[in-house]
Amino acid sequence: MSIEDDVVLLERVPTLRLLGSASLRMLAIGSEQRNFEHGDFLFSAGDEADAGFIVQRGAFRIDDGASAEIVARTRHADR
């Protein structure tokens, strides 16, 4: 993906859109694309935060370790 493609992706996130194009461009320059396979972990409860994630395509599951589970899917799976 080009920087411009990354900026377009970031602009689709309502909260980030508020930052404006120049800030989103800087954020895009410092970002990296990662691919995850089914069953991979982004992070576990209690991990120190050092990044944020934007799911471009697919879904992820949030498991609280007790009995609650949430599955979040991207709105545009074809993009």
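Listing for the model above:
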| quantity | calculated |
| --- | --- |
| Assigned charges on the beta-carbon of Lys, Arg, Asp, Glu; the chain dipole about Cα centre (debye) | 440 |
| From the coordinates shown, percent of Cα pairs over 15 Å apart corresponds to which of (i) 52; (ii) 65; (iii) 59 | (ii) |
| Protection proxy ranking of 30-37, 57-64, 9-16 - average other beta-carbon atoms within 10 Å, highest first | 9-16, 57-64, 30-37 |
| Accessible area of the chain belonging to carbon and sulfur atoms, whole % at 1.4 Å probe | 52 |
| Rough spin-label spacing in nm, given labels placed 7 Å along Cα→Cβ, for Glu48 and Glu11 | 3.6 |
| Sites Leu27 and Asp64 - FRET efficiency at Förster radius 35 Å, r taken between beta-carbons, to 0.05 | 0.75 |
| Sequence-separation-based contact order of the chain, relative, with Cα cut under 8 Å and 6+ spacing, percent | 19 |
| Per residue accessible area of the chain, 1.4 Å probe, in Å² | 87 |
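The values are calculated or read from the model by the stated rules, or taken from the named source; none is laboratory data. Everything numeric in this text was worked out from a predicted model, so none of it was measured. We place every Cβ from the backbone using ideal geometry, glycine too, and count neighbours over all the protein chains shown. In case anyone asks, the SASA skips ligands and DNA or RNA and just uses the protein heavy atoms, side chains included. Shrake-Rupley method; radii C 1.70, N 1.55, O 1.52, S 1.80 Å.
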